[in-house]
Amino acid sequence: MHAAKKAMLDRRLLLAGVGAAGLLAALRWLAGSEVEAAGAFEIQKSDSEWRASLSKAQYDVLRLHHTETPGSSPLNKEKRKGTFACAGCDLPLFASETKYESGTGWPSFYAPLPDAIATSTDRLLFFPRTEVHCRRCGGHLGHVFEDGPPPTGLRYCMNGVALKFVPDAPA
Ligand SMILES: [Zn+2]
């Protein structure tokens, strides 16, 4: 399935405000179609190009799916109005209005911007998780869980190092 179709479905689910059970079923259904092959992303770079364009910490998370130490990101405390963009390709991913304090030590959001992210199933742990990546460069951002606040009930648990904060220009 194409990323655009997935994103559309994600949006429909959010708009419909489906319950956790419906969402879980949808996520399971999505899991049936694994993430596109690496070649399918709009922005493609070789491994050495990514290494050259990212810091070691960014590379480890975005390209190797590592998880930053909780509480380590300065973005945990970022409270200004603005946009959180992909550290890999600058695509705007989350608006500050959807950020909330989850108490996890990772920057958390209840909804992404439209057409910003895509998901796949991550089986690194003994239970499958829904991995969240940038739909444009494929960079790993974090995971999404179903214990978030209204209106979506979702918790986008992001690695701060995978994001860049761009404050709104002062009015
Ligand atoms: Zn990106």
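Key figures
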{"read-out": "Cα shape, segment 80-154, gyration tensor, a/c 1.5 rule", "value": "oblate"}
{"read-out": "Table column - 3J(HN,Hα) (Hz), segment 145-152, Karplus curve with 6.51, -1.76, 1.60, x for Gly and Pro", "value": "10, 9, 10, x, x, x, x, 9"}
{"read-out": "Sorted peptide list for 91-103, 110-122, criterion being average Cβ within 10 angstrom, highest first", "value": "110-122, 91-103"}
{"read-out": "Cα radius of gyration and Dmax for segment 38-171 (Å)", "value": "14.1, 48"}
{"read-out": "Accessible area, probe 1.4 Å, largest first, for residues His65, His133", "value": "His65, His133"}
{"read-out": "Sequence of Trp106, Trp50 from largest to smallest accessible area, 1.4 Å probe", "value": "Trp106, Trp50"}
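The values are calculated or read from the model by the stated rules, or taken from the named source; none is laboratory data. Quick caveat: nothing in here was measured; it's all calculated off a predicted structure. Cβ coordinates were reconstructed from backbone atoms using ideal geometry, including for glycine residues, and neighbour counts include every protein chain displayed. These accessible areas exclude ligands, DNA and RNA; they are computed on the full protein's heavy atoms, side chains included. Shrake-Rupley method; radii C 1.70, N 1.55, O 1.52, S 1.80 Å.
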